[in-house]
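Below you'll find the structure, written out as structure tokens, and then a few comments.
The values are calculated or read from the model by the stated rules, or taken from the named source; none is laboratory data. On a predicted model such as this, the values are computed, not experimentally measured, just so you know. When we count neighbours, we look across all protein chains shown, and the Cβ atoms used for this are built from the backbone with ideal geometry, even at glycine. Note: accessible area is taken over every heavy atom of the protein model, side chains too, but ligands, DNA and RNA are not part of it. Shrake-Rupley method; radii C 1.70, N 1.55, O 1.52, S 1.80 Å.
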Amino acid sequence: MKTIRTAVAAAALTAALAGCGSPVAGTPAAQPAPPPPPAPTTPPPDPAADRQAIETVFHDYYRALRARDFTAACGYNAPETTSRLLADLHARGVEAATCEEGMTAVYAIPENARIVEQAGKNATIKKVTVNGDEATLDWTSKVDGKTGPGTTHLRRVDGRWLLSGTGAAAPTNPGRGT
């Protein structure tokens with residue numbers, strides 16, 4: 001009995017599937033499916049907008065440091081920059097758990113604060129080079145009456161340019177990179 005039910009079910013299924021491609025008389029023919037919507041595309045890079053955003057991050061970062069707004073300054077750091085800052089401080093015997101604590105420790109040494117403030121205040125951007133989601137900003141600054149070059153590396157993270165690379169703290173002399 002089971003075998004007969006199975007055979008009948010298989011025949012019904014075969015008939016149903018066979019009928020799927022055959023229209024019933026008087027019904028309209030099947031229409032092709034509409035084309036899929038175009039895949040979203042990333043807008044082409046805008047070099048002028050990238051340059052402006054990179055310069056803004058650079059100036060806003062140093063403005064935040066001069067104001068001792070370490071929360072804002074740390075907001076301009078890519079994750080690896082904060083990790084590097086904390087590791088560098090740890091290697092010097094300074095324990096800091098957050099970027100803000102690290103910046104506070106750096107600024108606790110008056111000479112560091114003075115140099116960072118001079119470097120940021122007197123910085124002149126010379127060149128911005130963008131290569132995809134990475135950028136290099138070349139600049140000069142005067143510290144203690146001496147002008148020297150600086151280099152700042154940035155990386156686009158979730159659409160925002162952030163400081164990356166060798167560290168976000170201003171150099172102790174303008175010749176060291178950020």
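Number of residues in segment 132-146 that are surrounded by fewer than 10 Cβ atoms within 10 Å (Cβ to Cβ) and within 15 Å of Ala53 (Cβ to Cβ) equals 1. Among the residues of segment 96-121, those identified as loosely packed, with under 15 Cβ neighbours inside 10 Å and over 25 Å from the mean Cα position of the chain (by Cα) are Ala108, Ile109, Pro110, Glu111, Arg114, Lys121.
When segment 43-73 is filtered for residues that are open to solvent by less than 50 Å² (accessible area, probe 1.4 Å) and touching a strand residue (DSSP E or B) at 6+ places or on another chain (Cβ under 8 Å), the ones remaining, listed by number, are Asp50, Ala53, Ile54, Glu55, Val57, Phe58, Tyr61.
Close contacts from segment 56-84, counting a first residue that is part of a loop (DSSP other than H, G, I, E, B) and a second that is of a type in the set (D, E, K, R), with Cβ to Cβ under 7 Å and a gap of 6+ residues or different chains, come to Tyr76/Asp60; Ala78/Arg155.
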